[in-house]
1. Go through (1) open to solvent by less than 50 Å² (accessible area, probe 1.4 Å); (2) at pLDDT 85 or above for M177 and report which single condition fails.
2. Go through (1) open to solvent by 60 Å² or more (accessible area, probe 1.4 Å); (2) in contact with a strand residue (DSSP E or B) (Cβ under 7 Å, 6 or more places away or on another chain); (3) more than 22 Å from W26 (Cβ to Cβ) for L45 and report which single condition fails.
3. Scan E24, E57 and give me the residue that is modelled with pLDDT of 85 or more, in a helix (DSSP H, G or I) and of a type outside the set (S, T, N, Q).
4. So the check is Cβ under 6 Å with 6+ separation or different chains; which pairs have a first residue in the range 156-169 that's within 24 Å of N96 (Cα to Cα) and a second one that's open to solvent by 50 Å² or more (accessible area, probe 1.4 Å) and assigned to a loop (DSSP other than H, G, I, E, B)?
5. From T127, T153, T147, T138, grab the single residue that is modelled with pLDDT of 85 or more, within 29 Å of A86 (Cβ to Cβ) and open to solvent by less than 70 Å² (accessible area, probe 1.4 Å).
6. Residue check: is I190 surrounded by 12 or more Cβ atoms within 10 Å (Cβ to Cβ), of a type outside the set (F, W, Y) and part of a helix (DSSP H, G or I)?
7. List the pairs whose first member sits in the range 131-149 and is part of a loop (DSSP other than H, G, I, E, B), whose second member is β-branched (V, I, T), and whose Cβ atoms are under 6 Å apart, counting only residues at least 6 apart or on separate chains?
8. Is there a residue in the range 90-105 that is without any contact (Cβ under 8 Å) to a residue 12 or more places away in the chain, of a type outside the set (A, V, I, L, M, F, W, C) and farther than 30 Å from Y37 by Cα?
Amino acid sequence: GLAGTTNSAVLKAGATTSVQVYTEFWRDLRDRLVSGYFDTVDSLLLDGMTGMSAVFEEKVLSDLGKPAGELQGREYNMLTRELGAALRQIASLDKNLLVCCHRKMLLDAVGNIKGVEPELVGKARSTVPTHFANVIYTVCEGDSKRTRHYGYTRNSGLIGDARVSLPLAHIPQKLDMTIEDMSRAGEFGIGKHSYADVDYSYV
């Protein structure tokens, strides 16, 4: 995965601050883009967007000479542009790009859940999802004896930006994504849904 290789390079470089991590991330990514390092892979996993957003935010704060947590107004636009630029660079590889991001609950005045959204900063909460064809919210249900993993693939009362592209239009709104046998992973989750009977002739 992209995150694993990049993190290894960052650690070897001795990066300890967010600004150093940011610098090493870009250096490592650009070196690998130029060298053709990613040519032999079909898919990339960026894990995760929430941590990356925090690192980029600290870099912007450092550039502005501000302490943590004090971005204001249009300064958030700088962060959104930075994140967008990183995603475009990675997306330019023309690979299957999977990105993980934490979500946070939105509560009303009395503490009731009124919605969920990506745990990102500023306009990135609304702009980052637009970079992807599929946005799926995942949840874990059950207890210590039995746990199931589900993906919400469409909007619901709490989720406002979940969606799937046309090739996945036939999967259910609440998809059981539990993989019960890793040796047959393709038989579970999205993989178990056959595409053979889907008619794409109208596209």
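1. For M177, the failing item is (1).
2. With respect to (1) open to solvent by 60 Å² or more (accessible area, probe 1.4 Å); (2) in contact with a strand residue (DSSP E or B) (Cβ under 7 Å, 6 or more places away or on another chain); (3) more than 22 Å from W26 (Cβ to Cβ), L45 is out only on (3).
3. E24 is the lone residue from the list that is modelled with pLDDT of 85 or more, in a helix (DSSP H, G or I) and of a type outside the set (S, T, N, Q).
4. A162/R154; A162/N155; V164/N134; S165/A133; S165/N134
5. Of T127, T153, T147, T138, the one residue that is modelled with pLDDT of 85 or more, within 29 Å of A86 (Cβ to Cβ) and open to solvent by less than 70 Å² (accessible area, probe 1.4 Å) is T153.
6. Details: surrounded by 12 or more Cβ atoms within 10 Å (Cβ to Cβ): yes; of a type outside the set (F, W, Y): yes; part of a helix (DSSP H, G or I): yes.
Judged against the criteria, I190 is a match.
7. N134/V164; I136/T153
8. no
The values are calculated or read from the model by the stated rules, or taken from the named source; none is laboratory data. Predicted model only: the values in this text are computed from it and were never measured. Virtual Cβ from ideal backbone geometry, glycine too; neighbours counted across all protein chains shown. With ligands, DNA and RNA removed, areas are computed over all heavy atoms of the protein, side chains included. Shrake-Rupley method; radii C 1.70, N 1.55, O 1.52, S 1.80 Å.
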